[in-house]
Amino acid sequence: MTKPAVTYELIKTCKQTGARLGIVHTPHGSIETPAFMPVGTQATVKTMSPEELKEMGAGIILSNTYHLWLRPGNDIIKEAGGLHKFMNWDRPILTDSGGFQVFSLSQFRKIEEEGVHFRNHLNGDKLFLSPEKAMEIQNDLGSDIMMAFDECPPFPATYEYMLDSVDRTTRWAKRCKEAHARPEDQALFGIVQGGEFEELRKRSAEALVELDLPGYAIGGLSVGEPKDIMNRMLEYTTPLLPENKPRYLMGVGSPDSLVDGAIRGVDMFDCVLPTRIARNGTLMTSEGRLVVKNAKFARDFGPLDPNCDCYTCKNYSRAYIRHLIRTDETFGIRLTTYHNLHFLLNLMEQVRQAIREDRLGDFREEFFEKYGFNKP
Ligand SMILES: CNc1nc2c(CCc3ccc(C(F)(F)F)cc3)c3[nH]c(N)nc(=O)c3cc2[nH]1
Ligand SMILES: [Zn+2]
C-alpha cells in the first residue's frame, strides 16, 4: 500500500468543546487546522497575488474543475505543468469536482447514472460531466486534494429524492476511486450527502468510509437551510467520520459558522463570502460588518478596523477606501479583499489558539458578543 498523498496529524482536542487542533500534510506543504481556505475559482483569488496570500497566512487555496475545464481548458493547464505552475502557487491546492457548479450554474441539466448532461453557462453548448471526466480534469490540474464527483441536492428535497441521490453519489465516489490515476500524488476526498435526514447522512458516511479515502467533506449544506439544521447535521455527521482524517465542511465561511463548525469538529472551510462581499465594499471587522460606501465614512480617516493590523488597516483610511469603491477603482477592491481574507485567516488563528488553551467555548461567547451575532 503506497503512502497516501495527504495525511492528517491530530495534535489535540479542545477540552471545552469538540474542536480539534491538527495538521494536514500534503505534497505541497502542510496546513494547520482548523483552516479557512480562500477561494480562487479561475486560478486566482481575485485581485490577490500569491505573495500577498502568503503574507496574510493563506496555507491552501481552492480552485474549480468546472470553470478551468471550460476556460482555459485542463489540456492547457496540463501543458503548463499543472495548476501550481500555471498560477505560480507552490502551496497546497484543493479542487472541487464540478458537481456543485453544474447544479448552481446551469439551469438545464439531466442527471443519469453515467453522469450529468447540462449546458455550458457561457455559450449554451451541450456538456457532459462524469466521475471519470471530473477525475481526468483534476488529474491534469494536479491539485493536491481532489473532490469526488457528487450531487449536491437542493434544499429542501424529499427523503425519496435524497435516498436515490445519496446512493448515486456513493456509486460515483467508487468510480472516482477506480479512475484515480495518481493516488501517491493526489488525495481523493469523499463528500457526505444526505440533506437534513440523519439516517441518510449515516448511510452516506458509512458507505464512503468503507472506501477508506484520505479525507472526507460534508456536502449538501450551506444551500439555504436554516442554521440550526446545518448545526444539527454537523453534530450528527462529524462523529461518523474517522478521527484520523481531515473533515472539510463545504461552502461555509461566515465568521459565526466557522467558529460553530470548528466547535463541532470541522477542520477545513471554504467560502466565497470574504472575496465576494469585498467587491461591493462590505467588510468583516472586529465590531461586525461595515459598509464602507456609507456616507458616514466620507470624513472618517481612521482604519477600516481599529483592531486589525493588516496592510489595508495600517496604511489606508475608511474615507480613502470609500472613495475608491465609489469610483469603482480596482485598487479599492484589492484593499477590501486583502482585509476580509486577513480577517478570516486571523480569526482561524485565534480559534486554533483557543483550542490550544482549551477555551474555544469562551472564545465563542466573546467573539459573538463583540461581533454582534445574536445569541443561539
Ligand atoms: C456555498 N455553499 C456551498 N458550496 C458548496 C460546494 C462548493 C464549494 C466550493 C469549492 C470550490 C470553489 C472554487 F471556487 F474554489 F472553485 C467554490 C466553492 C459544494 N461542492 C460539492 N462538490 N459538493 C457539495 O455538496 C457542496 C456544497 C456546497 N455548499
Ligand atoms: Zn484589516
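Under a crude label model (7 Å from the Cα following the beta-carbon direction), how far is Ser104 from Glu178 in nanometres?
Once both label points are built, they end up 3.0 nm from each other.
In deg cm²/dmol, rounded to 500, what helix-only [θ] at 222 nm does the chain give when every DSSP H run of at least 4 residues adds -39500 (n - 2.57) and the total is split over its residues?
Numbers: 15 runs with 153 residues, N = 376.
Helix-only estimate at 222 nm: -12000 deg cm²/dmol.
Once you have all Cα-Cα distances for region 193-237, histogram them in 5 Å bins from zero and send the whole-percent values.
5, 23, 33, 21, 12, 6, 1
With +1 on each Lys and Arg Cβ and -1 on each Asp and Glu Cβ, and nothing else charged, work out how big the dipole of the chain is about its Cα centre, in Debye to the nearest 20.
Working: 46 positive and 52 negative charges, 209 e Å.
Magnitude of the dipole: close to 1000 debye.
Over region 254-376, what portion of Cα pair distances is larger than 25 Å, expressed as a whole percent?
Values: 1918 of 7503 pairs.
In whole percent, the share of Cα-Cα pairs in region 254-376 beyond 25 Å is 26.
Can you tell me which of Gly124, Gly253, Gly302 moves the most in a GNM of the chain? Springs connect C-alpha atoms under 10 Å apart.
Result for the chain, Cα springs under 10 Å: Gly124 fluctuates most.
Order the peptides 130-138, 237-245 from the highest to the lowest mean number of other Cβ atoms within 10 Å of their residues. All intermediate terms of the calculation are to be shown ahead of the outcome.
Details: 130-138: 23.1, 237-245: 17.6.
For the peptides 130-138, 237-245, the packing ranking is 130-138, 237-245.
Once every Cα of region 93-139 carries one equal point scatterer and solvent is ignored, give the base-10 log of I(q)/I(0) from the Debye formula at q = 0.13, 0.22 Å⁻¹, two decimals.
For region 93-139 at q = 0.13, 0.22 Å⁻¹, log10 I(q)/I(0) is -0.28, -0.76.
Connecting C-alpha atoms closer than 10 Å in a GNM of the chain, tell me which of Cys313, Cys152, Cys176 has the biggest fluctuation.
In the Gaussian network model the winner is Cys313.
Just in region 1-51: which trypsin sites (Lys or Arg not before Pro) are loop by DSSP and have at most 13 other Cβ atoms within 10 Å?
On the way: sites: Lys12, Lys15, Arg20, Lys46; in loops: Lys15, Lys46.
Listed in order of number, the matching sites are Lys15.
Report the normalised scattering of region 195-312 as log10 I(q)/I(0) at q = 0.13, 0.23 Å⁻¹, calculated by the Debye formula with identical scatterers on the alpha carbons.
With one equal scatterer per Cα and no solvent, log10 I(q)/I(0) is -0.62, -1.29.
For Lys227 and Thr44, what does the FRET efficiency come to when R0 = 25 Å and r is the distance between their Cβ atoms, rounded to the nearest 0.05? Don't jump to the answer; show the numbers that get you there.
Values: r = 31 Å, r/R0 = 1.23.
E between Lys227 and Thr44, to the nearest 0.05, is 0.20.
Accessible area per residue, 1.4 Å probe, Å², for the chain: what's the number?
Details: 15620 Å² over 376 residues.
I get 42 Å² per residue for this part.
Using only C-alpha positions, report the orientation-averaged shadow area of the convex hull of the chain, nm², one decimal. Intermediate values should be presented prior to the final figure.
Numbers: hull surface 73.0 nm².
Average of the hull's projected areas for the chain equals 18.2 nm².
What is the local net charge at Pro38, summed over the other residues whose Cβ is closer than 12 Å to its Cβ (Lys, Arg +1; Asp, Glu -1)?
Values: positive: Lys46, Lys54, Arg91, Arg276; negative: Glu52, Asp270.
Local charge sum for Pro38: +2.
Under a point spin-label approximation (7 Å from Cα along Cα-to-Cβ), what is the Thr327-Thr13 distance to one decimal in nm?
Placing both labels 7 Å beyond Cα along the Cβ direction yields 5.6 nm.
Can you send over the carbon and sulfur percentage of the accessible area for the chain, probe radius 1.4 Å, protein chains only? All intermediate terms of the calculation are to be shown ahead of the outcome.
Details: 7860 of 15620 Å².
Result for the chain: 50 percent of the exposed heavy-atom area is carbon or sulfur.
Just the ratio, please: alpha-carbon radius of gyration of region 1-126 over 2.2 N^0.38 Å, N its number of residues. Present the calculation step by step, with values, prior to reporting the outcome.
Details: Rg = 17.5 Å, N = 126, 2.2 N^0.38 = 13.8 Å.
Computed over Cα atoms of region 1-126, the ratio equals 1.27.
Looking only at Asn340, Asn280, Asn294, which one moves most when the chain is put into a Gaussian network model with springs between Cα atoms under 10 Å?
Asn294
Region 69-171: which chymotrypsin sites (Phe, Trp or Tyr not before Pro) are DSSP loop and have at most 10 other beta-carbon atoms within 10 angstrom? Could you put the intermediate results ahead of the total?
Numbers: sites: Trp69, Phe86, Trp89, Phe100, Phe103, Phe108, Phe118, Phe128, Phe149, Tyr159, Tyr161; in loops: Trp89, Phe108, Phe149.
The qualifying sites are Phe108.
Using the Cα centre as the reference, give the magnitude of the dipole from point charges on the C-beta atoms of region 1-149 (Lys, Arg: +1; Asp, Glu: -1; all else neutral), rounded to the nearest 20 debye.
So the dipole magnitude of region 1-149 works out to roughly 360 debye.
Starting from the Cα of Asp90, step 7 Å along the direction of its Cβ; do the same at Lys296; then give the gap between the two resulting points in nm.
Here the answer is 4.7 nm between the modelled labels.
May I have the extent of the alpha carbons of region 233-287 along their three principal axes, as whole Å values ordered from largest to smallest?
Extents along the principal axes, in whole Å: 40, 20, 18.
The values are calculated or read from the model by the stated rules, or taken from the named source; none is laboratory data. As the structure is a computational prediction, the values presented were derived from the model and not from experiment. Heads up, the Cβs are rebuilt from the backbone with ideal geometry, glycines too, and the neighbour counts pull from every protein chain shown. Ligands, DNA and RNA are stripped out before the accessible areas are found, and what is left, the full protein with its side chains, is counted by its heavy atoms. Shrake-Rupley method; radii C 1.70, N 1.55, O 1.52, S 1.80 Å.
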